[in-house]
Amino acid sequence: MGPKQIVGEELWRSVVWSAIGLLGWSLIISSTDRLDASAITVLGLPVATWSVLTLSMIGIRLATGMELKVETESGRYLMWFVGLVVGAFVVLWLILVQSQPWTLIAVYAAGSVLGTLVWRGYIERAT
């Protein structure tokens, strides 16, 4: 699959990333006083989320050559990635809305790495 086709597929898939960004940030911004509901936060944060996730997926696909489609074997990695993104929004919501400590980000990052290593070992044993 050529780079042009990969970029095209990922731009279509980016609709999901924009929806996740819009939903996640709208829930966080509307639930907390820590973030002002300005044009930068309401529009900028979802656009930044969309662009980072889309460029990440394009980079992953170009670097690895994996298809990352749900119906393929590499689709497990796509589900893993979506889970990490949703988990990150939950952590941000806990910190910004529920006033949990910022160290929760470090705990989430460490847990994500550990969980990924365990999950990867499980996948390798299963195949």
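Would it be correct to say that Ala106 is part of a helix (DSSP H, G or I), under 30 Å from Gly121 (Cα atoms) and at pLDDT 95 or above?
yes
Looking at the stretch 17-43 only, could you name the residues that are in contact (Cβ under 8 Å) with a residue 24 or more places away in the chain and either in a helix (DSSP H, G or I) or not polar (S, T, N, Q) (or both)?
Across the stretch 17-43, the qualifying residues are Trp17, Ser18, Ile20, Gly21, Leu22, Gly24, Trp25, Leu27, Ile28, Ser31, Arg34, Leu35.
Quick check, is Leu114 more than 22 Å from Leu22 (Cα to Cα) and out of contact with any helix residue (DSSP H, G or I) (no Cβ under 9 Å at 6 or more places or on another chain)?
Answer is yes for this residue.
Would you check which residues across the stretch 34-67 are polar (S, T, N, Q), more than 13 Å from the chain's Cα centre (by Cα) and either surrounded by 17 or more Cβ atoms within 10 Å (Cβ to Cβ) or modelled with pLDDT of 90 or more (or both) and list them?
Within the stretch 34-67, Ser38, Thr41 qualify.
Only residues that are in a loop (DSSP other than H, G, I, E, B), hydrophobic (A, V, I, L, M, F, W, C) and surrounded by 14 or more Cβ atoms within 10 Å (Cβ to Cβ): list them for the stretch 79-103, please.
Selection gives Val97 alone.
Please pick out the residue among Thr54, Thr41 that is among the hydroxyl-bearing types (Ser, Thr, Tyr) and out of contact with any Asp or Glu (no Cβ under 8 Å at 6 or more places or on another chain).
Thr41
The values are calculated or read from the model by the stated rules, or taken from the named source; none is laboratory data. What you see is a predicted model, and the numbers here were worked out from it, not measured in a lab. Here Cβ is always computed from backbone atoms with ideal geometry, including for glycine, and neighbour counts include all displayed protein chains.
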